[in-house]
Every structure is written in C-alpha cells, then in structure tokens.
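A.B. asks: Dropping the structure in here first, questions after.
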Amino acid sequence: MVKLFILSVFYKGATEARLLKATADLGSFSFFQRGTVNEFMTFASKTIVERTQPALRQSVKQDAYMCHVYVRADNLAGVLIADHEYPHRVAHTLITKILDDFSAKVSADQWVNGSESTIAFDALPAFLAKYQNPKEADPLTKMQTDLDETKIILKNTIETVLERGEKLEDMVAKSEQLSLASKTFYTTAKKTNSCCSFA
Amino acid sequence: MFPHLKSARVNLQLLQEAACRQLVQQLTLIEGSKVIVLDDAMIGPLGLITKPKLFSDRGIRLLPLKPEIRVPKEIRNIIYILRPQVSLMETLVTQVKANMLNGRQFHLYFVPRLSCLCIKQLENKDVLTAFGRIDELPWNFFPLEYDVVSMEMPHSYREVTIEGDFSCLFQAATGLVQLQRLYGRIPKIYGKGVQAQLVWEKAKQLAIDEKTLYNADRGAIDQLILLDRGIDLMSTLATQLTYEGLIDEFYGIRQNQLSLPGEHFSSYNAADMANDYGTGVQERLLATSDRKLIMLHSGEHLYSELRNRNFNEVRNVLARKVREIQLHMSVSREDQSVQEIKVLVERLPQLMKLKEATSVHTTIAELIDRQIKVDSFGEDLVAEQDYMNCEDIDRPSAYIDDLIARRTDLRTVLRLICMQCAAGSGFKERVLTHYKRELVHVYGLEVLLTLRHLEKAGLIRLQTESRAYAVLRKTLRLTLEGNPEINPTDISYVHSFYAPLTARLVEHSLRPLGWQTLKSQITNLPGPTFEDFQVQLIGIGGRHAAAAGSKGDGYMLHSRRVVLVFIVGGITFAEIAALRFLAAQEDNNVEFLIASTKIINKHTFLDSLMSS
C-alpha cells in the first residue's frame, strides 16, 4: 500500500537547514500520535538535508519509512517521506517538480531567511494528495501500466490467432510420424543376390 | 491475374493474356445477355486462361455441358466453348433443341480449331440455322506454370498411334508457330522420333507464311528439343516417386488443382482460406461441399519447395517446417518488448499462411504415405525395379503370372507387362504368347482387343536385333546406384534410381558436343534423329545483317540458354522434376520451358490406350 506522509521544502544553509514549507498527510496514524510523528518526521527531514551534499539525490531507509531527498545545486532542497513501496522514481520526480515550482513562484532572496509563515507557496498539499496514487499522478507510470496491460491483451489475441486452423500438436505428431516412417524406395541389397540366380 | 506465371526470359503471362484477349474480343462481338456452356474438357483449361471475375463482371454465368440444362428465359445468347469432337455434338443438339426460343441465338466456339465435321453434323441435325457465330479460339498451349505449358490433349498419343488421326500433331505445329509469334523465332532445333519430325515439318511449313518470324531478331527461346513419346515408354509406365508425381498417380491433379475428401482436413473458416487468387473457374463449376479443392502451383511457396523432391525427402522437409513454425509460435509466449511484438504481428499473416500450407501438405503426405504402405504398392515397385534393371526379362515373370492368376486389375497387369517389354526392347515370341494365353484365360477374349491397341501403340512388340533399352541403360546411365533420395546429385532420384530417358537425352544435349557422342546409340531408338536451323533471313542489308545475326547468336554462350523441351504425346511430373533439377544446376547454365500435349501418369496413359 503506497503512502506518502510528509512533503517539505528546505533551504540548506551553511550551518543548518531552514524549513521553508511543509505539508503532511498523517491520516493513517491515530489522532494522538500525529503530533509526535509530525515533529519526528520534520526533524528527520531537517537532519537528512543537512547531511546531504548539494546536487545530490538520496533515498534513505528509516525504520518503516523511506526518506527521499534532493538537494539542488542552489541549496534548495526537497524531502519526501513515504513508505517502502512507493516507487523511488516517482518520488524524486515529485520532489524535482515541486522544487521547480517553488523556485518559480518564490524568489531566491526569500529562501535564506524565510520560514513557514513568510513563504507564500500553497501548492504542496495538492501535490501530496495527488501523488498518493503514483500510478495516476505520474504520467510515466500510467503509461507503463497501460502498456503492460495492452501487451498482455495483444499477446492473448496473437495466441488466439495462432491457434486457428489445425492444432500445432496434431501437426507435430503427424510430421514426426511421417519422417520416422521413411524407407528408401530402392533397396540395393537385393541386387547382391542376383549372382545366385540362374540366368 | 496469374502471378505464378512470371519468370525471367519467357514470360508466360503474355500467353495467358493473349488468349484471354481473344476470348474477350469474341464476347464483345455478341450483344445482349449471355451464358457460357463448357464441355468437361474445357472447364479446367478455361481456368488457366481467366478468372471467374471476368465473367461475373460482365454478368455471364458459366454452365457445364449437360443435356438437361435449361437456360432462363432472359438470356438472349448461349455461347458454347467446346473441343471439336463429334461425340459432343449429340449433347449439343439436344440442348439446342430444348432451349430454342424466339430471339435467342446460339454461338459456338471450337478450341483450338473449327471442325467441318462437327459443323456438318449440326447441319444434318437441322440445328445449324440456330447458330449465329461459329468460330474458333486458337488456344493451343495453356500455361500451367512459369515453365510449363500444356496443350491439354490427353489422347494425342492414342490418336496418332492407334487411330491414325494426326490432327493433334497439326495443332502442336500451329502451337509452335504461335509461340514463336509471341516469343520470337527459335534458331536451333533438335528432335527425335517420328511424331516429333512430323510436328517440326508441319511447323516449318506453316512458318513459311510468317515473314515476320524470319526477319525478327533473336527471340527469347534459344533452342527447341522435340521428342516423340514413343522413344521412351518406360518412363511413362514407371511409378513416379516425386511428391507431385505421387499425388497425381493416386489422386489426379487437374490443371493445377487437387480435389480431396474434406474429412481429412481440419475444419476451417471459409474466410481464412481465401487465398490471394480467390476461387477459380473449376471451383465454381465442379466444387461440392464435401470435397476440398487445393491449388497446387508455384504461387504457394511451400508447394514449390516440396513438389519436385523425392517423397522421402518431403517427409523430412515437412517435419522441419513444422518445427520451424513451432519455434516461431513459442517465441510469442515469452516476455517481449513492444518492438518485438510489433515484428511478430507483422510476420503473423505470413506465419499463418505457412501454418495452413504446412497443415494441408502434412495431411496430403499422410494420405500418400498410407497408400504407399499398402503391400501391393511395394511389391509392384520391386517388380518394376527388376525390369528397369533388366533382370530376368527374357522369361515370363512369375510375379506377373501371379497377378494374373489372382485376377488383379487388368491395368496393373498390363502396365508391368509393358514395362518388361520395354526393358527387353520387345518380347521373345514364346513369352508374348504365354502372356496372351494367360490373359485370355483369366480376363476373357476381349483382352485381345486391348492388347491389339497396345501393340499398335508400340507398348507390346516382338524383339528385333537391337536391344535399345539395355544398351542405353549403360551408355546413358539410366539406372544409377547410390544416388541418395535426399539431397540428390543426379536426376535419377525421381524414380529413386532410374533417370527418365527423355531427361537424359536433354541432359546430353546441353553438353558442348550435344548428341554427337550419342549418334550411334540414339539410332537404336525408333524414329529419325534430326537437327534444324531457322536462320535470320538476310535482307537487303546483306552481309551486315548476317554478321549481326551471328553475333547475336554468339551471346547465347554467356547468358543462360532457354531451351523449349516439347514431348509430343505426354510428359510425366517426374520428367518435369528431372528437367527442373537440371535447370537448377548452375553448371548447366540453362532455363527450360517445358511443353507437352498433356501431363500424364502411368494410369491416365494406359487408360487412354486401353479404352475402345
């Protein structure tokens, strides 16, 4: 069951990472746990950004979760915490996409000193919700699944067509029998007896 | 219309199209609604010239010639296309009288030539006035394959030797002139045999009027070899062992079509079966629902691979093909990329066609195998082979005596007797008397009449001094030990160890010296040996024209020669296979165009001679 939990944008400063924007979908946790989980995940995200070099992508396993992080060369970073089954490629595609979006909407000078309240970027929750289902959200995965389905249908159709006419097994049996039954029409052996006959 | 007729030098589609044009020309001369009635002998040949589409496009129905046929009232013209046989006139008269209507016209076309006798018969029966057009369709040669033409005259050998009717030889000569008109003059002619010489003399005579022939440039055909069936009767009587030969002997191939009971074949969808050629004239007129009609010509790739091979080789080829198909089909089950699937889908129609063809031929091969396994087949074959090896031929054969005593089918007995006769180049008198006595005892006095026919035809005779067959067997290597049936190196594979004499003669003519080396032995065969030239007439240009002509002929040596081999009296599929084998050998540098009065086999040949 694929699941995304937290999607956040950080700025990797010289000493520490600043959280610029975040969104979370913690509906799978019980009400009382949510606060703790949120804190924990934010902390994990922050740490991982600090530990990741610029222009690098990583996917780190953390207990039951997978943290996908991408730190751009300009020190803008995105973190996505998901479960183990979520396809890595889709995760990183999502991160790249929101970072592109973010850098387009929010000017670079706000990154260094911004915080959650000062940055105006509302697209995150929508993205998180959309990408809960990787197959639908990611056009590439969607195409791949469609393609796989089509291939199976195609193969079945081809098989049906090939089955038409005489059954292959029958033909194989018949032709095997034919080739085994071969016996030369002209046997030279009998000619050797001719010396014994009286002309 | 018939793509399988196209080939390199001699394009037989021209022949088919010319014939088709003649028919259309005649049809357009007749106004109003029409119906065409064909006699049985013409149904097949017509299918070789046209497709039913030609008629359906013009709203013309095709009907077989039967006395009880009634033509619907709206049809204003009834066209008959018949062979010029007086016996057909009876049925014709009955039909005309029954279908006589005011305003209705009858038309009659003889193939290939008008017959005054037939017209006189119509006059005698007072129906001549009902006929509008009476004309001929000069179709002498029908194209069967890109390298085979046939006159479709099954009884020509009988007519000449037994009935003394030489008209088919005249037709053969006319046909030769027609071919030269289409494909150019033939510069060099070799021939052997009485009938062959008669045909050639007549053809020369007819061509005298054709000035265009002599002035034309070198044509597509370089040489003509004319052979009389009578010089090699052994090859017609021997059991053929090629795939096509066996099919013909057991089931009969009519103008490239084979009809078999439908139950042997897996049920199929009519839509699946639609081959590129659609249905033919024969199918429209003769098909019944419980029989399957199979097209057998080079248009089907698998058939052209199988037809000329020895049957034992065919077994292996079929097994290999089935395995190939299995491989292709199993490939589809693995995991594949879209590209691979695309390639597979593109190949699919071809694969399906191959599967269908392989299925049909495996079934046919199975049927033949069953026939071969019958004891009598094997025993007859052993007896045949003994005769062909000249074993024990100067005494009455115990095997034949046994067959007679058992009252076996007369045709089988007579075939073996004729083979023994051919092997010994005649019987010793006491042997012949012995056989005659035994035959009469068992089959009755009527058999003497049949024997008389065979004697007239030259199949049964007394020995003279020359033992032509025995001598030629050694000098021409007619029987050859050790030639494998699979991947053979010599034409003798067509009868597993015996090479047809006619094919050996052709093989020798391809050598640089031609028949020179055989001069002494060849004279042993009945009939004259002749050579002839048709040179280009020197026009006013004088020397230059002659020089140009000879230079043109000189080119023959470098490119492939085209040799027209015409066996007057019939040819077997085995002989055709042997000739094709020769053509396939690079060293020979030759292409054959094979012609005959009819493609025969041991059964049809004997039946024609035995019937009264």
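Here, each number is a calculation from the coordinates, and none is a lab measurement. Just so you know, these numbers come straight off a predicted model, no measurement behind them. All Cβ positions, glycine included, derive from the backbone under ideal geometry; neighbour counts span all protein chains shown.
A.B. asks: Taking each residue of A:155-165 in turn, how many C-beta atoms of other protein chains fall within 10 Å of its C-beta, and what is the average?
C.D. replies: Neighbouring Cβ atoms belonging to other protein chains average 5 per residue here.
A.B. asks: Pick from A:Phe43, A:Phe185, A:Phe31 the residue whose mean-square fluctuation is largest in a GNM of chain A, springs joining Cα atoms under 10 Å.
C.D. replies: Checking each option, the largest mean-square fluctuation is seen for A:Phe185.
A.B. asks: First select every other residue whose beta carbon is under 10 angstrom from the beta carbon of A:Gly27; then total the charges, Lys and Arg +1, Asp and Glu -1.
C.D. replies: Once all neighbours under 10 Å are counted, the net charge is +1.
A.B. asks: If exposed means no more than 13 neighbouring beta carbons inside 10 Å and the site is in a DSSP loop, what's the longest run of chain A without any exposed GluC sites (Glu not before Pro)?
C.D. replies: Within chain A, the longest run free of exposed GluC sites (Glu not before Pro) spans A:117-199.
A.B. asks: Give me the net charge of B:Leu451's neighbourhood, meaning all other residues with Cβ under 12 Å from the Cβ of B:Leu451; Lys, Arg count +1, Asp, Glu -1.
C.D. replies: Taking every other residue near B:Leu451 into account, the sum is +2.
A.B. asks: Divide by every residue of chain B the summed helix terms, -39500 (n - 2.57) for each DSSP H run of at least 4, and state the resulting mean residue ellipticity at 222 nm, rounded to the nearest 500 deg cm²/dmol.
C.D. replies: -15000 deg cm²/dmol
A.B. asks: Right, next: With each label point set 7 Å from Cα along the Cα-Cβ vector, what nm distance links B:Ser33 and B:Asp165?
C.D. replies: Taking the simple label geometry, B:Ser33 and B:Asp165 are separated by 3.7 nm.
A.B. asks: Between B:Val374 and A:Ala55, what is the label-point separation in nm under the 7 Å Cα-to-beta-carbon projection?
C.D. replies: Once both label points are built, they end up 8.8 nm from each other.
A.B. asks: Cut-off under 20 Å on the C-alpha distance; same-chain residues fewer than 8 positions from A:Lys3 excluded. Which aspartates and glutamates are left, in chain and number order?
C.D. replies: The qualifying aspartates and glutamates are A:Asp25, A:Glu39, A:Asp63, A:Asp83, A:Glu85, A:Glu136, A:Asp138.
A.B. asks: Please compute the net charge surrounding B:Pro45, taking Lys and Arg as +1 and Asp and Glu as -1 over other residues with Cβ under 12 Å from its Cβ.
C.D. replies: That sum, taken over residues with Cβ under 12 Å, equals 0.
A.B. asks: Could you bin all the Cα-Cα distances of region B:469-522 into 5 Å bins starting at 0 and give me the percent of pairs in each, rounded to whole numbers?
C.D. replies: With 5 Å bins starting at 0, P(r) equals 4, 21, 27, 24, 15, 7, 1.
A.B. asks: For chain A, calculate the relative contact order in percent as a whole number, restricting contacts to Cα pairs under 8 Å that are 6 or more residues apart.
C.D. replies: Relative contact order for chain A comes out at 21 percent.
A.B. asks: What spacing in nm lies between the two simple spin-label points modelled at B:Leu462 and B:Val24, each 7 Å away from Cα in the Cβ direction?
C.D. replies: 6.1 nm
A.B. asks: Using a Förster distance of 60 Å, how high is the FRET efficiency between B:Arg133 and A:Phe29, based on the Cβ-Cβ distance and rounded to 0.05?
C.D. replies: It comes to 0.05.
A.B. asks: Let me ask you something else. Can you list which of the trypsin sites (Lys or Arg not before Pro) found in region B:5-87 are DSSP loop residues with at most 13 other C-beta atoms within 10 Å?
C.D. replies: Here the trypsin sites (Lys or Arg not before Pro) that fit, given the DSSP loop and packing criteria, are B:Lys6, B:Arg58, B:Arg70, B:Lys73.
A.B. asks: For B:Arg61, list long-range residues whose amide hydrogen, built 1.01 Å from N in the peptide plane, is under 5 Å from its own amide hydrogen.
C.D. replies: Residues meeting the criterion, in which the H sits 1.01 Å from N, are B:Ile36.
A.B. asks: How well do other chains shield peptide A:53-59, expressed as the mean number of their Cβ atoms within 10 Å of each residue Cβ?
C.D. replies: Taking the mean over all residues of the peptide, I get 0.
A.B. asks: Given the pairs B:Lys120/B:Lys204; B:Lys292/B:Lys598; A:Lys174/B:Lys602; B:Lys66/B:Lys598; B:Lys6/B:Lys355; A:Lys12/A:Lys97, which are separated by over 20 angstrom at their Cα positions?
C.D. replies: B:Lys120/B:Lys204; B:Lys292/B:Lys598; A:Lys174/B:Lys602; B:Lys66/B:Lys598; B:Lys6/B:Lys355
A.B. asks: Please quote Rg/Rh for region B:12-139 to two decimal places, taking the Kirkwood radius as Rh and restricting both calculations to Cα atoms.
C.D. replies: Ratio of gyration radius to Kirkwood radius for region B:12-139: 0.94.
A.B. asks: For chain B, report the convex hull volume of the alpha-carbon atoms normalised per residue, in Å³, without decimals.
C.D. replies: Per residue, the Cα convex hull of chain B comes to 194 Å³.
A.B. asks: What aspartates and glutamates sit close enough to A:Lys151 to cross-link, taking a C-alpha to C-alpha distance under 14 Å and skipping anything fewer than 8 places away on the same chain?
C.D. replies: A:Lys151 reaches A:Glu159, B:Glu334, B:Asp335, B:Glu340.
A.B. asks: Bin all alpha-carbon pair distances of the protein assembly as shown at 10 Å intervals from 0 and give each bin's fraction as a whole percent.
C.D. replies: Whole-percent P(r) values from 0 Å outward: 2, 11, 16, 17, 14, 9, 5, 5, 6, 7, 5, 2, 0, 0.
A.B. asks: Quick one: work out the % antiparallel among DSSP beta bridges in the protein assembly as shown, nearest 5.
C.D. replies: 50 percent
A.B. asks: Return the percentage of antiparallel bridges among DSSP beta bridges fully within chain B, rounded to the nearest 5 %.
C.D. replies: If I count the DSSP bridges inside chain B, around 30 percent turn out antiparallel.
A.B. asks: Please state, to two decimals, what the Cα-based radius of gyration of chain A comes to when divided by 2.2 N^0.38 Å (N = residues).
C.D. replies: 2.05
A.B. asks: Stokes-Einstein D for region A:103-190 at 10 °C, 1.306 mPa s, Kirkwood Rh over Cα pairs, in µm²/s?
C.D. replies: For these conditions, the coefficient is 77 µm²/s.
A.B. asks: Mind checking which lysines have their Cα closer than 16 Å to the Cα of B:Lys34? Skip sequence neighbours fewer than 8 apart in that chain.
C.D. replies: Leaving aside lysines fewer than 8 places away in the same chain, those within reach of B:Lys34 are B:Lys53, B:Lys73.
A.B. asks: I'd like the FRET efficiency for A:Ser115 and A:Asp74, computed as 1/(1 + (r/R0)^6) with the beta carbon distance as r and R0 of 22 Å, rounded to 0.05.
C.D. replies: 0.75
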